[in-house]
Each structure stands twice: as structure tokens, then as C-alpha cells.
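The values are calculated or read from the model by the stated rules, or taken from the named source; none is laboratory data. Just so it is clear, the structure is predicted and the values come from calculations on it, not from any experiment. Every residue, glycine among them, receives a Cβ derived from its backbone with ideal geometry; neighbour counts consider all protein chains shown. For accessibility, only protein heavy atoms count, side chains too; no ligands or nucleic acids. Shrake-Rupley method; radii C 1.70, N 1.55, O 1.52, S 1.80 Å.
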Amino acid sequence: MPDQESRAAYLAARKAGRKYLAEHGESRGYLPTLDRSLDRIVIVGELNLGYHEIPLDAIKGTKTSGRSSAFAGNFMPLLESDTEFASKWQKVYGSQLTEGIREPITAFQFLNKYYVQEGNKRVSILKSVGAASVTAQLTRFIPERDESNDEVSIYYEFLDYDKWLFVDDLWFSKRGYFTELAHGVERFLDEHPDMSRDPGELINRVQRTFRAVYKSVVTEDVSLTSGDALVEYVRVFGLPYNVTVEDIRHNLSNFKGQLLVAGGDVGRRTLDVSVAQPTDSVRPGLFSRAPGKISVAVAYAGTPESNIWTAQHDLAIKRVERKYGDRLEVLRITNLPTVGELAYRALAEVSKSKPNLMFTTSPTMSTLSLRFALEHPETVVLNCDSPHDGKNLHTYYCKMYDLTFLCGILSAAESETGKLGYMSSAKVFSKRTVYDINAFALGARLINPRSEVLGYTMSRINDWAEHDLARAEFARHGADVAFCRHSPDNPLDRKAFPEVYAQLYRLASNGAPLESLAAATLDWEPFYDKMIGDALLGRLHLSDVTRVGSPVHFGWGFQTGIMDIFPVNSVLGVTGRLLRIFRDLLKSGGLHPFEGPIADDLGIQRVEDGVVPTLMEIQEMDWLAYSVRMLND
């Protein structure tokens, strides 16, 4: 006969169950059943996983509907205390007090959730006393592959990797996360050959520790699972193997803003910047008053002598440096590796000088920059990159599509064949961009609706031999004018024309340049002058933003003077007048390169008539405009 303690425990558990039922209603208040969840899902296999310790929090329901009405959705009992069910519950509870629950339950795993076949009362009792886990004999149900179902697709990432793999309460809300984590673990094991070669063991060890710390530190309403958060953490800090709980806790405390951004709980602000727009429209916080002097760190992937991109940024910094004299201290980091712990240490060395601002001038430094910003919130970090959802990092870039739009207009006006070449970068950013070539094509079609743009993706912008190959391909396909990235192999030419970003060439039949039609220039001085000048005046207000998760992207347009196009004398007649008209329209805001209607290369309308996409929508384009054809993709 159950004792008074067991009876009191049952009554308390039943009260919790009835409260849950009242709060969630009849439709959602009872224990979920696996059989009901499988009504519209085809099971194609079962795997006996053997015995495993599983978290009680991951047990979501029961296998069949026979016992579902006896429990609330939190596994607390609902039946009256004088029922046979209540008596058995109390008896098991009494046994648990004296001996503990030793007999494993029987459960099914489906989509990394667990459903009890035998042992519902044991689970109920263990949950009521606050236990963490229970031993279970597990059978895995394998659903039919369904790419339209996100949950099933995510589950198949586990199965495709290893259908026997058991991971303890690890789940993701986005496709690709588990695959990324598994590959990261494999790379880690390759770098540590002395360790056990069991990826599942390492994943479980790391994520159990991480999950416990994550739940204790991140109390805000973040729309990420602990598995999602682990992947975000590994991207920045690396795999937390043999890392102390204190270190993980410290990193996560700085990481909350990034998790809010990655989960979509906080969005990125994009600012279309004009000369008249002050940066103090963002938010207060960098300086309480105008400082007499500031320190600025600038990180370069190469050197000004070896890399045109670096030379363009450094030239602008030097001009700003001369302008502000002793009020500005510049710390330069050249040849910075873009990934890895050594790269971060090189960047972190600068933190000893406590710079107020840091500009990282390459999109390949994005993750490196994010980690530095998280660990050194006293420094405002801006990375030269297009905006990306999911990354809590301030970014800046010119609206290159304004420039390529004008280049497309001039190219179409000068072309006799109507076919135009365009050299496109492979991965200057974290992914290939297409908005620049699309703007070029849209500009060309304003002049010649039948024009065709032939794209060639460059693997190495600084490889002059590849430039020759690309121009030859353009000519072979009928192009007589081409937009070519400027990367002369002669250092004297690089020094003489440091601001030239690209040139428009008239091509011979073999692709050799016959003449230059125009130079497209990129001058970063207006940007650096504005940001550093506002900081000196106490008007650059971006601090604290990284902590709370509210990143800002500065998109600098044609009207700021950051870029321009200069035709040669031979095209200064009618064509030059045409170019000036469109340039003035862009500067005044009377024309936008991406105003609809716009169709893609499959004829699908992507932008409706009269609609202008946002800066984020433009820079996240993953489709090619109607008249674009890539030659080597």
C-alpha cells in the first residue's frame, strides 16, 4: 500500500498536470502520441540503437494513444488519486525512493525526439522529482526522405552521415548545420591524430558541456536551438574541446548579440549613405564627448605593393591621415591571414594599443572581425563586405551596382555586335555576388534592348594570364567591348593608377585590347574621412551595438563620390553626353538601376513594375538578369 509521502507526491504531480492542461487546453494539453504524428509520414525503416542515456527533456510523448489521456503534456498524471493507475504510480514512486529506478524504459526515436513505449510512469516520476535523464532501449524510426519537409531533411543529414550515429539531444532549426558541425569535427580529429576517431563521441562530449552552459548563460528569447548556437560558436571560436566551462561562459556572454542576429530576432540596419547623412543617426555610445585624438587600426590581407585592393584602401587612409595630422594615430596590419587561430592572434595583438576604431578591409576577414568585435567591445569594428543576415558585425561597402550600371550604358553605346564581356569575381565576398553584373546588363539594355552580357568568373583577379584568357573567351563568343577588372602586372602601372577599379576595352577578334574606352574608379577616401571625422567630432555612435545585436551596414552610393567613371577623349561626343545624363540622374536620385520590371535568365519576373528593391535585397541576389550568360559557370 502506498505511503503518505508517495500519495502526497502523486497529488502534487497531478496538480501540476491539471494546471498544464488548463493552460494549454484540450487540444494541446494532453501527452502527444507518436502514432498520431506518423499518420501522414511513411516509415521506411527501423534501427535498434541499443541502450542509451537520454535527457528527460527530450522525451516528448508516448508511442500509442492508450495512455495519452492519463498524462498531461508535461508527463504529469491526470487521473483521480483513487484509481488503479494512481496506486501503481505511487508504488513505483515509493520504489524509486528506496531503490531508485533501475529498469530501462523502452522508447522510439523519431526526428531526434523520444516517445515512450513502456515506462510512462517511470518517466512521469523522474520528471516530477527533477531527474535529468533515464536509460532507454531505443528504436529509431526512419521516415521517407522528403526535401519539402525541413525537419525530415535535417534528420537525413544525421542519417546520411551515419545512420547508426547517436547524438544526445542535438537538433537544429536550419538545414546544413549538422553537416557543417560534422565536417568541423572531422577536421579537428585530422588535426589531432592522437585522439579517438569516433566523431559521435566527440560531438556528444562537446555539445553536452556547451548545452549546459548555453542554457545557463543565454536566458533571452533566442530563436536558436542549442545545436544552432553550437555551430555559430564554432564558426567564431572553434570547437570547444578541452575548453573550460568558465571560458565557454565568458565567450557566450559576449556572444549574445550574435545569437540574436543569427536567430533572426534582431535585424541588420542598412543605410544608403549620402554626403549629407550623419552617422549620428544610428545610436549614441562611442564617445561621451569629442575626443582630442583617436586611434584607428586598419587590417590588410596583402600589402599596398602587391595588391590593388589593399593599395586603394591604404591610399585613402594616407590621405585622411595627412588631413587630421596629430589628431589621428593609424595602426596598420599588413599580410594578415584571413582565417585560423594565428590570424586572430595577429589581429588581437593590436588590441593592446586599444584602438577606438578598426577597419578590416577584406570580406574574407569577416569571421575574424566578428570574433575581435565580440571579444573587444571597446573597439568599434567595421568590415569591408556586403551585408549578410545572421552576422552581428558592422559592414561597409560601395554600391558597386551604380558604377557597373553606368559602365553597361557606355559599353552598349560603343558596341557594334551588341555582345558585351564582363569579368566577375569568384568569391571576393563570402559568396559570389551577381548584383554587379546584373546592373551592368540592365544599363546595357537601356541603350540596346537586344544586348547580351557574357560573364566570365575569375578565380584570381591579380592573374594577368587569366585576364587574357577571359578576353579571348569574350571575343570568341562575339563580344567587341568588355568590362575588365584592373590588375596590371606592372607595379609602376599599379602605382600610377591606384584608384582604377576596372576598364572598358574595345576588343580585337582575338580578345586583345584595341583601346581603352573608360576607366571606372574607386576612391575610399570619402568613406574613411566621414567615419574618422565623425569619430573625432564625437558623432560616430556605434558602440554597444555589437553586444545587443543591432549591426549596421553602410552602403555608399555613387552620389558620395566614392566611385566614378571617366571616358577617354574618343567617346566624349554623343556617347559622353549620354553618359553625363545618366550619371546626373543617378546622383539626383531620379534613376535607380534596379527599378522594375526585371526578369531573370529563365524569364521569371523577379522585380515588379515600378518596384525598387532594398539594398539588402539587391546584395543578396542569387539570380542572373535576363540578358546575362555565364561562360565558365
Model label zone, Arg175; criterion: amide N under 16 Å from point 7 Å along Cα-to-beta-carbon; scope segment 137-156
144-156
Restricting to DSSP loop positions (anything but H, G, I, E, B) with no more than 12 other Cβ atoms inside 10 Å of their own Cβ, which GluC sites (Glu not before Pro) remain in segment 103-175?
Glu144, Glu147
Spacing of the two label points (7 Å from each Cα toward its C-beta) at Arg345 and Leu514, in nm:
5.7
Quick check: residue separation of Asp3 and Asp601 times 0.36 nm, minus the Cα distance between them. What number comes out in nm?
207.6 nm
Length gained if Ser459 through Leu631 is fully extended, taking 0.36 nm per residue and subtracting the Cα-Cα distance, is 60.6 nm
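Relative contact order for the chain: what is it in percent, counting Cα pairs under 8 Å that are at least 6 residues apart?
Computed value for the chain: 12 percent relative contact order.
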Can you give the FRET efficiency to the nearest 0.05 for Glu246 and Thr135, using r as the Cβ-Cβ distance and R₀ = 35 Å?
0.70
Rounded to whole Å², per residue accessible area for the chain with a 1.4 Å probe reads 44
Taking all protein chains as present, what is the carbon and sulfur share of the accessible area of segment 114-172, in % to the nearest whole number, probe 1.4 Å?
42
Please report how many Lys pairs in segment 351-435 have alpha carbons closer than 28 angstrom, counting only residues at least 8 apart along the chain or sitting on separate chains.
10
Loop GluC sites (Glu not before Pro), segment 40-97 (other Cβ atoms within 10 Å of the site Cβ: 15 or fewer; DSSP)
Glu80
Tell me, which longest segment in the chain has none of the trypsin sites (Lys or Arg not before Pro) that fall in DSSP loops with at most 15 further Cβ atoms within 10 Å?
461-633
